[in-house]
Amino acid sequence: MEENEIMGYNPVKLFLDDTKVKNFVTCFKDQQFLVFFFKHLKTNHSNRYQQLFPFVSLCGRERNFLRCDDQPVVFTHLLPETGQGARLSYCGGGTKLNVAFQPSSLFMNPDSGRVYHPAPERLGGIGLVRSALAIEFSPHFHYSAGFIPALLASPR
């Protein structure tokens, strides 16, 4: 089986791990690739590189290992409502990578200030909400005891 220590990941971009300058120019942008990569991503139980790369995406005989600063799923957009209700898109996948938006399930980590939403179980069950999206939601937060916000209703 071919192995690649391929991917490093910042909250919204995917890079080859050894990329020196990590910016928009050097990240993966092809939506078809991103959808394939994240649909095949799972927890790394391969007994290879588990400490450095806790996630792996299988592509035929190739194993693409992933590490991230927080969570492998980053929610980037609230998709326009359809007959399915509101949906959150993640990891650059647009309508091809999304979950049902559950406003009452949003929560903020009081230590980091980061906002999270439920994600697919195979990817850890929780995803980080991109800062720009969290800011868009923030006027709708209701702060309860302990100042942990909950979103009372869909912002759109």
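Just a few scattered comments:
- Hits in region 83-112 (condition: touching a helix residue (DSSP H, G or I) at 6+ places or on another chain (Cβ under 9 Å) and either surrounded by fewer than 12 Cβ atoms within 10 Å (Cβ to Cβ) or among the charged types (D, E, K, R) (or both)): Arg87, Lys96
- Enumeration of residues in region 58-113 that are assigned to a loop (DSSP other than H, G, I, E, B) and within 17 Å of Leu41 (Cα to Cα): Gly60, Arg61, Asp69, Asp70, Gln71, Pro72, Val73, Cys91, Gly92, Gly93, Leu97
- Where a residue in region 57-79 is under 14 Å from Val35 (Cβ atoms) and free of Cβ contacts under 8 Å to residues at least 24 places away in the same chain and its partner, wherever it lies, is buried (at least 21 other Cβ atoms within 10 Å of the Cβ) and among the hydrophobic types (A, V, I, L, M, F, W, C), with Cβ under 8 Å and at least six apart: Cys59/Phe37
Where a number appears in this text, it was derived from the coordinates with a stated rule and is not lab data. Here the structure is a predicted model, which is why all the values come from computation and not from measurement. All Cβ positions, glycine included, derive from the backbone under ideal geometry; neighbour counts span all protein chains shown.
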